[in-house]
Amino acid sequence: MRLLPLTPPGQTPVRVLTIAGTDSGGGAGIQADTRTMALCGVHALVAVAAVTVQNTVGVSGFHEIPPQVVADQVRSVAGDIGIGAAKTGMLASGDIIEAVAGVCREVGIGHDAEVPLVVDPVAASMHGDPLLHTEALDAMRYTLFPLATIVTPNLDEVRLLTGVEVTDAASARRAAEALHGLGPRWVVVKGGHLRTSAQSTDLLFDGNQFLEFTAPRIETGNDHGGGDTLAAALACALAHGYSVPDAFEFAKEWTRRSLEAAYDLGKGHGPVSPLWRLS
C-alpha cells in the first residue's frame with residue numbers, strides 16, 4: 001500500500017489531534033488512535049473526554065471529564081502546537097459535545113475551516129455497552145455533524161442517528177443521504193458490520209456522488225478498535241493534504257492490514273493491530 005511520508009529525524013512531523021475517551025484495555029479509544037497516529041508517522045495530540053473502565057469482554061463504567069476541561073485541552077494545544085487535522089471519538093454527553101463543537105469553531109477546526117475534522121460518533125462499544133448518553137444524540141446530530149469534514153459511523157450508530165436499518169446497497173444509500181442531510185461535507189456508511197456479505201463495502205457520499213470501496217471480509221473475532229483505527233488513519237491522511245476519497249482509500253487499506261495483524265488478548269475480543277507497519 002502507499003504509506004504516508006515520514007518526517008526526517010529531528011524535524012517536526014504533521015500533528016493530529018484526537019478528542020476521545022480512554023480504553024484501559026488498550027484496544028480502542030485514544031490508545032488505538034495514538035497507536036495508529038504514531039505508526040503513520042504523525043505527532044499525536046490528545047484531549048481526553050472520558051475515562052472508561054473496560055477490558056476485552058466489556059465496559060463496566062466510564063467517568064466524564066468536565067466539558068470546560070475538554071475544551072481547554074483543545075484550546076491549549078491548538079494555540080501552541082498547531083493542528084493539521086482532528087478527530088473525535090467517545091464524547092459521552094451532550095455537554096461535552098457542545099463544548100467540543102464550540103472550541104472547534106473558536107480555533108478553526110471543521111467543515112469550513114482550514115483544519116479538517118473527522119467525527120466518529122461513538123455511541124456504544126462493540127459489546128453493546130453504551131458510551132454516549134441517549135440525550136446526547138441530538139447534540140451529535142445538530143451541533144457536531146454540521147462541523148464535520150467527514151463522519152464515520154458504524155451500522156448500529158447509523159441506525160441510532162438516522163433510523164435507517166442498513167441491510168443492503170439500497171438502504172446504505174438511503175442512510176448516506178440521511179446522514180449527509182445533517183450537515184457534514186462527506187459521510188461514510190461502513191459495511192464491516194454487515195455480516196451477511198462476503199465483501200466489506202464502504203459507501204462514501206458528498207451529496208452528489210456515491211463512491212464504493214470494497215475489500216474481502218476478514219473473518220476474525222479480534223476487531224476491537226477497528227473504527228477508531230480507521231478514523232485515526234483517515235485524519236492522518238487528511239493532515240497530509242489528501243482529498244477525502246484518497247484519505248479514505250488509505251484508511252480502509254490501513255485498517256484491513258490491521259485486521260489481518262490482529263491478535264488474541266484477554267478473554268474477549270483482541271485488538272486490530274497497526275504494528276504490521278513495523279515490518
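Worth a mention:
- Net charge over other residues, Cβ less than 9 angstrom from the Cβ of residue 87 (K, R count +1; D, E count -1): -3
- Euclidean distance between Cα centres, segment 76-94 to segment 113-186, Å: 18 Å
- Residues listed by number, segment 143-176, amide nitrogen under 14 Å from residue 112 label point at 7 Å toward C-beta: 146-149
- Kirkwood Rh, Cα atoms: Rg over Rh of segment 146-189: 0.93
- Cα-centre dipole for segment 169-277 with unit charges at Cβ (Lys and Arg positive, Asp and Glu negative), debye to 20: 160 debye
- Check: the chain dipole with +1 on Lys, Arg Cβ and -1 on Asp, Glu Cβ, in debye: 540 debye
- Taking a point 7 Å out from the Cα of residue 278 in the direction of its Cβ, the residues of segment 31-64 whose backbone N falls within less than 20 Å of it are 31-44.
- The alpha carbons of segment 1-98 give a radius of gyration and a Dmax of 14.5, 42 Å, in that order.
- For segment 136-279, the average shadow cast by the Cα convex hull is 9.2 nm², which is a quarter of the hull's surface.
- Under a 5 Å amide H cut-off, with hydrogens placed 1.01 Å from N, residue 24 pairs with 52, 54 among residues at least 5 apart or on other chains.
- Highest mean packing first, where packing is the average number of other Cβ atoms within 10 Å per residue, the peptides 224-237, 20-33, 73-86 line up as 224-237, 20-33, 73-86.
- Legend: calculated FRET efficiency, residue 53 to residue 210, from the Cβ-Cβ distance at R0 = 45 Å, rounded to 0.05, equals 0.65.
- Full-stretch length increase - residue 243, residue 11 - with 0.36 nm per residue and alpha-carbon distance subtracted: 81.1 nm
- A simple spin-label model places pseudo-atoms 7 Å from Cα toward Cβ; at residue 253 and residue 174 they are separated by 3.5 nm.
- A simple spin-label model places the labels of residue 105 and residue 219 5.0 nm from each other, with each point 7 Å out along Cα-to-Cβ.
- Dividing the summed -39500 (n - 2.57) terms of all DSSP H runs of n ≥ 4 by the residue count of the chain sets its mean residue ellipticity at 222 nm at -10000 deg cm²/dmol.
- Basic side chains Lys and Arg get +1 at the Cβ, acidic Asp and Glu get -1 at the Cβ, and with that the dipole of segment 81-236 about its Cα centre reaches some 280 debye.
- Unit charges at the beta carbon, dipole of segment 1-111: most positive-side option, 27, 91, 12: 12
- Across all directions, the shadow cast by the convex hull of the chain built on its C-alpha atoms averages 13.3 square nanometres.
Any read-out appearing in this document is the output of simple, stated calculations on the displayed coordinates, not a laboratory observation. Predicted model only: the values in this text are computed from it and were never measured. Cβ atoms come from the backbone with ideal geometry, glycine included; neighbour counts cover every protein chain shown.
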